[in-house]
Amino acid sequence: MTSTGLETTRPSDAERDQALAVLREGAGSGRLSHDTFIRRMNFVLRAQTRSELAHATQDLPGEEPKLLRLFRQLVARIPRLSVTPRTPPQIPGLALPRPGSPTLRIGRGPGATLRLTDISVSRFHAELRHVGDGWVVRDLNSMNGTHVNGTRITSPTRVRPGDHLQFGVIPFTLTWTDPH
């Protein structure tokens, strides 16, 4: 076939997908307005020949080489250094209930005594109860875990005022409720 014959042949789905990728890149980089992108996308989807496909993307740069794209993605993942000092976030306090109080259930579900709406908290995440002369926290097989002082717990663990608890990504510092 001659080059003229290739230009008049029907484009493949892969060629259409490649042309759409070029259009998306053009819209994402600001080279095409939203309206122009939609108009050209419809043109690409209805194109009967390869030359019509080429016409829709002729003023846009082609897709960047895969190695360059991977390099850009890698550079985007490298954390940037910050020279501005940051104050540490304030961790809210969680008051231990008085001895004899019912078990405190923590989670997103409707049965939770302490309801946390963050998606990292399971519906039935953990429970805090008074046992003997102290308090015990128990993870209820939550997806993102319960941490005591930075360590994920897998069995009931004794806690006391000043300990740091974390349910999913939600941190608390245990405080004491005056029993009087």
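The values are calculated or read from the model by the stated rules, or taken from the named source; none is laboratory data. Every value quoted in this text rests on a predicted model; they were computed, and no experiment measured them. Quick reminder, even Gly has a Cβ in these numbers, built from the backbone with ideal geometry, and neighbours come from all protein chains shown. Just so you know, the surface numbers come from the protein's heavy atoms only, side chains and all, with ligands and any DNA or RNA stripped out. Shrake-Rupley method; radii C 1.70, N 1.55, O 1.52, S 1.80 Å.
Considering the range 108-131, and only residues there that are open to solvent by 70 Å² or more (accessible area, probe 1.4 Å) and not hydroxyl-bearing (S, T, Y), the residue that is farthest from the chain's Cα centre (by Cα) turns out to be R129. Of everything in the range 139-174 that is in a strand (DSSP E or B), polar (S, T, N, Q) and free of Cβ contacts under 8 Å to residues at least 60 places away in the same chain, the residue that is nearest to D118 (Cα to Cα) is Q166. Scanning the range 132-157 for residues that are of a type in the set (A, V, I, L, M, F, W, C) and over 16 Å from G168 (Cα atoms), we see that the one that is surrounded by the fewest Cβ atoms within 10 Å (Cβ to Cβ) is V136.
In the range 160-179, the condition of being within 16 Å of G100 (Cα to Cα) and surrounded by 14 or more Cβ atoms within 10 Å (Cβ to Cβ) is met by no residue.
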